[in-house]
Amino acid sequence: MSMINFRFCAPTRYIFGVDAQLGVGEAIASLGKRRVLLHYGGQSAQKSGLLGEVTGKLKEAGLDVVELGGVQPNPRDTLIDEGIAICRERDVDFILAVGGGSVIDSAKAIAIGVPYEGDFWDFYTGQAAPSAALPVGVVLTLPATGSEGSSRSVVTKEEGLLKRRCASDLIRPAIAWLNPTLTYTLPPYQTACGATDILSHVIERYFTPTEGVSLTDRLCEAVMLDVIQNAPIALAQPTDYDARANLMWAGTLAHNDVVGLGRMGDWGSHSIEHELSALYDVAHGAGLAVILPAWMRYQLDCDVMRFAQFAVRVWGCEMDFRNPKRTAIEGIDRMEAWFRSIGMPTTFAEIGAKEEDIPLLASKVDMDDAKGLGFFRPLSRKDIEAVYRLACNRDRDVC
Ligand code: NZQ
Ligand code: ZN
């Protein structure tokens with residue numbers, strides 16, 4: 001299969017750099033908006049003074065501000081329902097998310113929920129597709145999910161702890177303000193989780209059954225190499241502007257689809273991970289560091305040469321022409337070692353996941369059983385259990 005035909009529309013206006021967020025009020029007012037829902041998470045944006053600064057700029061521009069904070073990591077449906085009710089009651093016409101992926105995804109869910117008569121959760125179960133949305137803006141504080149430019153939103157339903165995603169171009173943010181200095185306050189763990197998530201968004205696209213996609217292969221490799229270089233710098237020196245700036249833009253590029261156009265992505269690891277973060281409430285990036293090496297070891301034989309290319313071009317392994325599989329395995333080993341070097345867990349036990357939960361985890365994964373999970377080599381539920389078991393036992397004999 002050669003490069004797939006595609007259409008691409010990424011309408012987000014990106015405003016990047018130091019003090020970028022100071023223009024929020026003016027920009028939103030210039031869209032003709034009057035009342036903004038200011039949506040945020042726990043304490044971080046309040047403590048840093050960002051929230052006060054943004055509120056001031058919105059008011060200076062003559063906008064009414066309605067606040068809704070309290071978004072928790074792995075955002076919940078209950079707060080979204082509250083946000084939808086508030087927006088309707090107060091006639092809100094713009095939603096501004098100040099935070100990371102959880103706040104942005106919650107804002108996106110509210111945006112499609114407001115004009116919809118049914119339950120917004122229908123969009124996350126595939127029972128309905130959004131046909132209208134309030135515009136969303138983002139002041140990004142955590143480079144990770146790429147939600148500031150992506151067409152996705154991921155939400156957890158309290159009842160049954162189901163984590164599901166919705167995809168629609170309607171929820172691509174209208175404007176994203178990206179100021180790398182806002183990420184200086186990130187704890188090391190969140191910086192590392194973010195870098196892992198960025199890398200994973202490229203990896204999901206890199207492992208493809210599509211052939212003849214050399215340009216996007218190279219774009220993917222550039223983003224991965226840069227994240228691998230800059231994440232340790234940001235961890236060692238949290239106020240290194242260049243490292244923070246490159247990580248921030250890498251996060252956007254990794255998931256606004258630019259590096260994945262014309263090729264089939266896999267996305268199996270994300271679905272397998274989502275059940276971990278739903279059940280154990282671990283950070284998405286940490287769950288990915290556990291799942292990705294296991295998924296790769298399980299899928300290795302499907303296309304050894306692609307794994308060898310990944311090993312050589314991204315991890316600097318020397319190609320063993322007599323035994324490409326050895327090179328491929330070395331690449332996975334180096335990736336796993338890199339995750340550990342930046343403080344990420346790589347085993348089930350480290351994130352509090354339990355072997356006895358594996359059948360439950362596999363049964364909850366959101367997939368069409370007839371088609372299987374992912375596109376690189378579709379996985380059955382039995383395969384998914386095997387991936388979880390690999391992550392649990394790190395039993396390398398499977399390779
Ligand atoms: O809540 P506050 O106090 O703000 O603290 C947050 C939160 O505890 C903190 N934080 C954020 N910016 C900070 C900061 N702390 C200090 N300084 C700052 N500048 O970081 C913690 C984690 O925040 P969260 O938003 O949960 O992290 P992330 O951006 O990694 O988002 C994760 C969520 O996004 C989903 C994940 O599944 C998960 O639910 N994803 C969304 C995607 C999308 N919409 O396209 C794609 C991804 O693959 C992912 O699934
Ligand atoms: Zn992700």
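The values are calculated or read from the model by the stated rules, or taken from the named source; none is laboratory data. Not measured: the values here are computed from a predicted model. Every residue, glycine among them, receives a Cβ derived from its backbone with ideal geometry; neighbour counts consider all protein chains shown.
Worth a mention:
- Verdict on residue 11 being within 16 Å of ligand 2 (Cβ to nearest atom) and either surrounded by 17 or more Cβ atoms within 10 Å (Cβ to Cβ) or within 23 Å of the chain's Cα centre (by Cα) (or both): no
- Condition broken by residue 96, with the remaining ones in (1) away from ligand 1 (no atom under 16 Å from the Cβ); (2) under 14 Å from residue 174 (Cβ atoms) satisfied: (1)
- Helices (runs of 4 or more DSSP H) contained in the stretch 24-109 and holding at least 3 residues among the charged types (D, E, K, R) and at negative phi: 50-60, 77-90
- Of all the criteria given as (1) at pLDDT below 95; (2) crowded, with 21+ Cβ neighbours inside 10 Å, the one not satisfied by residue 273 is (1).
- Tally, over the stretch 20-69, of residues that are touching a strand residue (DSSP E or B) at 6+ places or on another chain (Cβ under 8 Å) and either of a type in the set (Gly, Ala, Ser) or within 9 Å of ligand 1 (Cβ to nearest atom) (or both): 10
- Extreme residue, farthest from ligand 2 (Cβ to nearest atom), among residues of the stretch 254-311 that are out of contact with any Phe, Trp or Tyr (no Cβ under 7 Å at 6 or more places or on another chain) and basic (Lys, Arg): 297
- Of everything listed in (1) of a type in the set (A, V, I, L, M, F, W, C); (2) over 30 Å from residue 363 (Cα atoms); (3) within 14 Å of ligand 2 (Cβ to nearest atom); (4) free of Cβ contacts under 8 Å to residues at least 40 places away in the same chain, the single unmet condition for residue 222 is (3).
- Summed over the stretch 339-386, residues that are in a loop (DSSP other than H, G, I, E, B) and β-branched (Val, Ile, Thr) total 4.
- With respect to the conditions (1) buried (at least 23 other Cβ atoms within 10 Å of the Cβ); (2) in a loop (DSSP other than H, G, I, E, B), residue 209 lacks only one, and its number is (1).
- When 320, 333, 257, 242 are checked against the criterion of being out of contact with any helix residue (DSSP H, G or I) (no Cβ under 6 Å at 6 or more places or on another chain) and farther than 30 Å from residue 14 by Cβ, 333 stands alone in meeting it.
- Inter-residue pairs, beta-carbon under 7 Å, first more than 11 Å from ligand 1 (Cβ to nearest atom) and in the stretch 193-208, second part of a loop (DSSP other than H, G, I, E, B) and not charged (D, E, K, R), 6+ apart: 205/265; 207/376; 208/264; 208/265; 208/376
- Filter result for residue 35 (among the basic types (Lys, Arg) and either crowded, with 17+ Cβ neighbours inside 10 Å or modelled with pLDDT under 95 (or both)): no
- In the stretch 132-158, the residues that are more than 20 Å from residue 274 (Cβ to Cβ) reach residues that are near ligand 1 (Cβ under 7 Å from one of its atoms) and among the β-branched types (Val, Ile, Thr) with C-beta atoms within less than 6 angstrom, at least six apart or across chains, in these pairs: 138/104.
- Residue 119 passes every criterion in (1) out of contact with any Asp or Glu (no Cβ under 9 Å at 6 or more places or on another chain); (2) in a loop (DSSP other than H, G, I, E, B) apart from (1).
- Out of 268, 260, 251, 285, one residue alone is modelled with pLDDT of 95 or more, within 14 Å of ligand 1 (Cβ to nearest atom) and in contact with a strand residue (DSSP E or B) (Cβ under 7 Å, 6 or more places away or on another chain). It is 268.
- Condition check for residue 81 on (1) more than 23 Å from residue 258 (Cα to Cα); (2) in contact with a Lys or Arg (Cβ under 6 Å, 6 or more places away or on another chain); (3) surrounded by fewer than 24 Cβ atoms within 10 Å (Cβ to Cβ): one failure, at (2).
- Across the stretch 107-119, the qualifying residues are those that are surrounded by 24 or more Cβ atoms within 10 Å (Cβ to Cβ) and more than 16 Å from ligand 2 (Cβ to nearest atom), and the one among them that is farthest from residue 174 (Cα to Cα) is 113.
- Filtered residues of the stretch 155-204 (kept if in a strand (DSSP E or B) and aromatic (Phe, Trp, Tyr)): 177
- Evaluation of residue 62 against the conditions (1) in contact with an Asp or Glu (Cβ under 9 Å, 6 or more places away or on another chain); (2) without any contact (Cβ under 8 Å) to a residue 60 or more places away in the chain shows that the sole unmet condition is (1).
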